[in-house]
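Structure record follows, encoded as structure tokens.
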Amino acid sequence: MTTIPLAPPVPGDDVLVALEKAGRRKSRRRTPGGVVVDVVLVVFGILMISPLVWLIVQSLTVPEFAFASPPSWLPIPFTLQNFADVLDYMPFFQQFGNSLLLAAISTAGALLFSILAAYAFARIDFRGSRLLLVIMLSALMVPAQLVIIPIFIMMRQVGLVDTLASLWLPALINVFQIFFLSQYFKTIPRELDEAARIDGAGHLWILFRMLVPLSAPAIAALAILGFEASWNGYFGPLIFLSSPENMTLPLGLVTLQNGFGAAPAVVVFAAITMVVLPLLVVFLAFQRQIVESVASTGLKG
Amino acid sequence: MSSDTITARRPGALLQRRRAEAAGWLFVSPAVLLFIVFVAAPFVFAIALAFLEWDLLTPPQFVGLANFEQLFTDPELPQVLWNTFVFAIASIVTHLVFGLLLALGVNNLISRSIGYFARVAIFFPFLISWAAVSLLWKYVLDPTFGYVGQYAAMFGIELPNFLADPAWALPAIIFIDLWHTLGFTFIIMLAGLQTVPSELVEAARTDGATGWQIFWNVTLPLMSPTLFFATIITFIGAFQIFDPIQIITKGGPQGSTTTIIMYLYEKGFQAFDMGYAAAVALLVFVIIMGVTLLQFIGRRKWVHES
């Protein structure tokens, strides 16, 4: 989960422009080579999504006929029972809620504190600010697994193990966000601040009424990535959470297929489908924003 | 002219200066407090922990350098580090090659709908949690349940039981990781391709350069910042690979997929040998710090900056 801040290659917008451009470039002739590229990409794309299609098909098939050989790519005979069975094996909606709550608190909280700190680093000349930023940035080299051991011991001491708080509390500090946002704030002309100050505006007004709206794309990108990282996180929940009703979805899924009373494969597949399908809908709806945020921040969760 | 030089000449400048100081610290204080509690203090604590023997049940004992001695003589560690580096290097090579080829392909696409399909198909797996991906692939690669083995059997080919075979388990995890995170590299490469000025490519073409020559002498050198960035970020991510290994193979068979973080997890959170786990974590920290510092030096040397 460690990330190193490096200058992103180019703003994310350029990727989107490139993607939109594909297909508009009428000047290029349809060459035999071009057709080969088309075919290769289509075949590659089909191979990429084939596990997902297979997943959804099996989850919709009557258990005795699922995972049949030769593989079936249509749900015959069709059933929705597997999805109903998921709820007998795991508190799916409880865990869905836990994941949602954890991702929402972590993302919103971290962004709030990052915005405040980034403003100070970008706009206020206070003694020690440079040293403070260097210290914080050097922490980006510290792997999450190193600090999680003491944090685990700490959480045990204060009795927060097996609660969502043990996960969102450490997530409230995000040095990468602070750095990224302060760099972004610095691209906004300082004259705007001066003008607002002459009109009697204070720091909070300048920050939340001016800089934050002007930085909306950057903040949205960080929010998307933060939410995604928290929603998909596994290492933290694995270490901190133990009761099924407190688990997040990724840990719940894994628990579903091992240990006592492991669910049948079709039920596991139905549960995975229940996680993947909503995600696909969200992705198709917000594709631009999601791809842009990944391209512009160059972050890997 | 900055505002400070103007205000400095006004009376009450000192007061204003003080207020700025106070405001600055006020704005960073929540972040600083959280940083101390959840980053700085745990970091110091982790270093101290490496000098202790502690199972969290009995009181901790100071053991000096014993954990580090154990680290350097651990018979399992060479295999673990080997697995980790093999995974990381294979991950870099496969991600960069496939990511770049796909980005080149999509960049030169004629059909818009194929572009849309390719983008969705390549990028979407990156958004799925490792938990879901790992469970799914455990079945996909299963010799009896999975369609890979089923199709092979139809053609009379008997595939190895990839995830249960010590020779095949790590390559299988490398493959699954490629499927999962290729979309990220692809997007980064696509972004990098946009930094190559099309005039240069056109100029080379007018001068009679072949597609291959253009790629090798124009596109690739101009892409070097992106390639460098992708290499570093892939290495750091791959070096810390954990989720699919813990879920699919638990480090097996016969330790063939135990990577350094999996090893750390076993020592710290299964054997509850906190001191030794901290020593292993410090080793990870040193390696990642080394690579990060190397990239500062390497950037100047290898990267073509325009």
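The values are calculated or read from the model by the stated rules, or taken from the named source; none is laboratory data. The structure displayed is predicted, hence computed values, not measured ones. Using ideal geometry, Cβ is built from the backbone for each residue, glycine included, and neighbour counts are taken over all protein chains shown.
If we scan region A:123-137, do we find a residue that is in the same structural domain as residue A:291 (by TED's automatic domain parsing), in contact (Cβ under 8 Å) with a residue 60 or more places away in the chain, among the hydrophobic types (A, V, I, L, M, F, W, C) and in a helix (DSSP H, G or I)? The answer is yes; a qualifying residue exists.
Scan region B:172-209 for residues that are among the basic types (Lys, Arg) and surrounded by 21 or more Cβ atoms within 10 Å (Cβ to Cβ) and the total you get is 0. Residue A:126 meets each of the listed conditions (1) more than 10 Å from chain B (Cβ to nearest Cβ); (2) modelled with pLDDT under 95 apart from (1).
Here residue B:110 clears all of (1) among the β-branched types (Val, Ile, Thr); (2) within 7 Å of chain A (Cβ to nearest Cβ); (3) part of a helix (DSSP H, G or I) except the condition numbered (3).
Across region A:153-182, which residue is farthest from residue A:122 (Cα to Cα) among those that are within 8 Å of chain B (Cβ to nearest Cβ) and buried (at least 19 other Cβ atoms within 10 Å of the Cβ)? Step by step, filter region A:153-182, then rank; the result is A:154.
When the helices (runs of 4 or more DSSP H) confined to region B:200-306 are screened for residues that are at the interface with chain A (Cβ under 9 Å from one of its Cβ atoms) and either under 30 Å from residue B:62 (Cα atoms) or of a type in the set (Phe, Trp, Tyr) (or both), those reaching at least 3 such residues are found at B:224-239, B:260-265, B:274-302.
Considering the conditions (1) aromatic (Phe, Trp, Tyr); (2) assigned to a helix (DSSP H, G or I); (3) buried (at least 17 other Cβ atoms within 10 Å of the Cβ), residue A:67 is excluded by exactly one of them, (2).
Taken as a whole, the condition of being at pLDDT 90 or above and assigned to a loop (DSSP other than H, G, I, E, B) does not apply to residue A:239. Number of residues in region B:38-72 that are in a helix (DSSP H, G or I) and more than 15 Å from residue B:276 (Cβ to Cβ): the value is 8.
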